[in-house]
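I have placed the structure first, in the form of structure tokens, so that the comments after it can refer back to it.
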Amino acid sequence: MDARDEILKLKEERNAIILSHNYQLPEVQDVADFLGDSFGLSKKASESDADVIVFCGVKFMAETAAILAPKKTVLMPDIQAGCPLANMITVEKLKQLQAQHPGAPTVTYVNTNADVKAESDYCCTSANALKVVEAVDADEIIFVPDKYLGHYIAGKTDKKLIIWNGYCPTHVKITAEDIRRQKKAHPKAEVMVHPECTPDVIELSDYVFSTGGMCRHPKESKAPDFIVGTEVGILHRLAKENPGKKFYPASELAVCPNMKKTTLDKVLLSLKEMKHEVRVPKEISARAKKSIERMLELV
Ligand code: CIZ
């Protein structure tokens, strides 16, 4: 039996589901029950009847699933798969920032560790960040941790954002020069980029989308080709779901090493040995969940 068949068999035995982020390796995506962004997958985890969730993504994503589905066992095939952007803001640093801006509520991107979410007033995703910022009842808002998402939102609202200096090391690898080169090579292509990209890249794009938006748009667009400015893993899903359309990475260098830590063999081992369980301490989980619930009340 090959790894894939063994995974499918064990999945049944354990009453497990496999969730894969859009940036995972193709073979991991292909074995998943659901593909999506971190928040969408966490919602799937909470709605499912499964006892076990194998979360193929990075740590903050599995934590979000554990927060929303506290009665289920959430496993990460590679527990070392972290997120450098999430690690750029800590509780201590956030508290210092909040002390400098008393009265300003904190809106925190989903790409943060659970303890940081617990100290935040509202969570947001890249898809709903603008809506959340607009709906929060304040003119001055602390926005952490991604400065490029923050600047993108700041350009679309009259509110004053106090933006943390974090960034995604993978998205900043995509340069304006890459976009110009790819546009020249594929003149009919529409350019979709993620809001974690730098402003000069965003400036050259046709659309700024979360990964969910990037997966929806090509199905609705008449364009035959797309230049995709995000982590390259998403190209597998895009090509699979849109036969006949072509997808080009804005940069081949946009590879998240953490997303690629999860392999099929590790997914198998995870199900076999029920490891590595991700748990969020109850008190942190309850407060982090509040920031997520407040987000859902606003959007
Ligand atoms: O929240 C996510 O899953 C990330 C990292 C990006 C997105 O836009 O979906």
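The values are calculated or read from the model by the stated rules, or taken from the named source; none is laboratory data. Please read these numbers as outputs of a predicted model, since none were measured by experiment. We place every Cβ from the backbone using ideal geometry, glycine too, and count neighbours over all the protein chains shown.
Remarks
- The set of residues in segment 75-96 being buried (at least 19 other Cβ atoms within 10 Å of the Cβ) and more than 16 Å from the ligand (Cβ to nearest atom) consists of L75, P77, D78, L94.
- Qualifying residue in segment 279-295 (condition: part of a loop (DSSP other than H, G, I, E, B) and in contact (Cβ under 8 Å) with a residue 60 or more places away in the chain): yes
- In segment 128-158, residue surrounded by the most Cβ atoms within 10 Å (Cβ to Cβ) [restricted to those that are free of Cβ contacts under 8 Å to residues at least 60 places away in the same chain and among the acidic types (D, E)]: E134
- Residues of segment 156-167 classified as in contact with a helix residue (DSSP H, G or I) (Cβ under 8 Å, 6 or more places away or on another chain) and in a loop (DSSP other than H, G, I, E, B), total: 6
- Criterion (closer than 29 Å to I162 by Cβ, touching a strand residue (DSSP E or B) at 6+ places or on another chain (Cβ under 7 Å) and β-branched (V, I, T)) met by exactly one of I89, I17: I89
- Residue in segment 159-172 that is farthest from V144 (Cα to Cα), counting only those that are touching a residue at least 24 places away in the same chain (Cβ under 8 Å) and away from the ligand (no atom under 16 Å from the Cβ): K159
- For segment 210-222, the criterion of a residue being on the phi > 0 side of the Ramachandran plot and either surrounded by fewer than 16 Cβ atoms within 10 Å (Cβ to Cβ) or over 19 Å from the mean Cα position of the chain (by Cα) (or both) is satisfied by no position.
- When restricted to residues that are under 12 Å from I18 (Cβ atoms) and out of contact with any Ser or Thr (no Cβ under 6 Å at 6 or more places or on another chain), segment 37-61 contains 8.
- Filtering segment 86-136 to residues that are in a loop (DSSP other than H, G, I, E, B), out of contact with any Leu (no Cβ under 6 Å at 6 or more places or on another chain) and not small (G, A, S) leaves I89, T90, H101, P102, P105, V110, T112, N113, D121, T125, N128, V136.
- Positions within segment 11-25 being hydroxyl-bearing (S, T, Y) and in contact with an Asp or Glu (Cβ under 7 Å, 6 or more places away or on another chain), in sequence order: Y23
- Matching option when the condition is touching a residue at least 24 places away in the same chain (Cβ under 8 Å), of a type in the set (V, I, T) and assigned by TED's automatic domain parsing to the domain that holds A288, among T175, T198, T125: T125
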